[in-house]
Amino acid sequence: VKLAFAPFAEAHLEPVLAIERASNGAPWSEASFRAEIANPHGRMLVALEGGQVVGFGGVWMVVDEAHITNLAVHPERRRRGIGRDLVVALLREAQSMGMRCATLEVRAGNVAAITLYEALGFRSIATRKRYYPDNQEDAVVMWLADLQGWTP
Ligand SMILES: CC(C)(COP(=O)(O)OP(=O)(O)OC[C@H]1O[C@@H](n2cnc3c(N)ncnc32)[C@H](O)[C@@H]1OP(=O)(O)O)[C@@H](O)C(=O)NCCC(=O)NCCS
């Protein structure tokens, strides 16, 4: 089945919340997702397979930095390149909006996500100790220095 991307919209709320709750130990609220629909400084995309939402990812444009805010793929659809394709699509949007660099925070024990981000050129630059309130896990801050010169 072919993968397509669409801007996150009201119609995607239910499957996006289900994927978020299955993927994130400290899931975003419905209100947080709703706020992204109208956020002029953000972009959230859904990945669609045969019309079904199989993943989503978001980015905020903060002055000249693209902050990846959230990313998840349906647990039964992982390891097929969807997460990577979502991050590539988000970074391309940020690139076209003139963002100079990209950054994100990820749980120190999240090998899947850290490996994905490293493969796309992000590097770990700092740790925020006991950052995540649900389990006191450290956050790793990752950085992609030259977004304008970046290609996947
Ligand atoms: C992280 C996540 C979004 C990756 O989505 P995905 O669609 O499975 O990822 P992809 O298939 O695009 O993987 C791309 C690359 O990332 C790495 N990767 C992905 N999952 C991995 C895993 N479980 N272990 C090790 N490396 C992994 C691999 O290098 C992979 O390439 P390969 O399959 O050719 O080896 C998914 O695991 C997820 O939803 N996790 C829960 C939510 C989460 O952690 N979000 C990130 C918050 S910062």
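Only the coordinates and a few stated rules stand behind these numbers; no lab work does. Because the structure is predicted, anything quoted here is derived from the model rather than measured. Backbone-built Cβ (ideal geometry, glycine too); neighbour counts: all protein chains shown.
How much space per residue, in cubic angstrom, does the convex hull of the C-alpha atoms of the chain take up? Mind dumping the intermediate values first?
Values: hull volume 16.5 nm³, N = 152.
Hull volume over Cα atoms, normalised by residue count, gives 109 Å³.
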For this session: Take the alpha carbon atoms of region 86-152, find their center, do the same for region 1-17, and report the distance between the two centers in whole angstrom.
Result: 22
Exercise. If you average the sequence gap of Cα pairs under 8 Å that are 6 or more apart and divide by the length of the chain, what percent do you get for the contact order?
Worked result: 19
Problem set entry | Difference of contour (0.36 nm per residue) and Cα-Cα distance, ARG80 to VAL141 | 19.4 nm
Exercise. Using the Karplus equation 6.51 cos²θ - 1.76 cosθ + 1.60 (θ = phi - 60°), what ³J(HN,Hα) coupling, rounded to whole Hz, does each residue of region 116-122 give in order, writing x for Gly and Pro?
Worked result: 4, 5, 4, 5, 8, x, 6
For this session: Compute the label zone of ALA11 within region 24-54: residues whose backbone N is under 15 Å from the point 7 Å along Cα-to-Cβ.
Result: 46-54
Exercise. Under 5 Å between amide H atoms, partner at least 5 residues away or on a different chain: which partners does HIS74 have, H built in plane at 1.01 Å?
Worked result: GLY55
Exercise. Got a sec to turn the phi values of region 48-53 into Karplus ³J(HN,Hα) couplings, 6.51 cos²θ - 1.76 cosθ + 1.60 with θ = phi - 60°, whole Hz, x for Gly and Pro?
Worked result: 10, 10, x, x, 8, 6
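Give me ARG80, ARG43 ranked fewest to most by other Cβ atoms within 10 Å of their Cβ, as a rough exposure proxy.
Values: ARG80 13, ARG43 21.
Sorted ascending by nearby Cβ count, the order is ARG80, ARG43.
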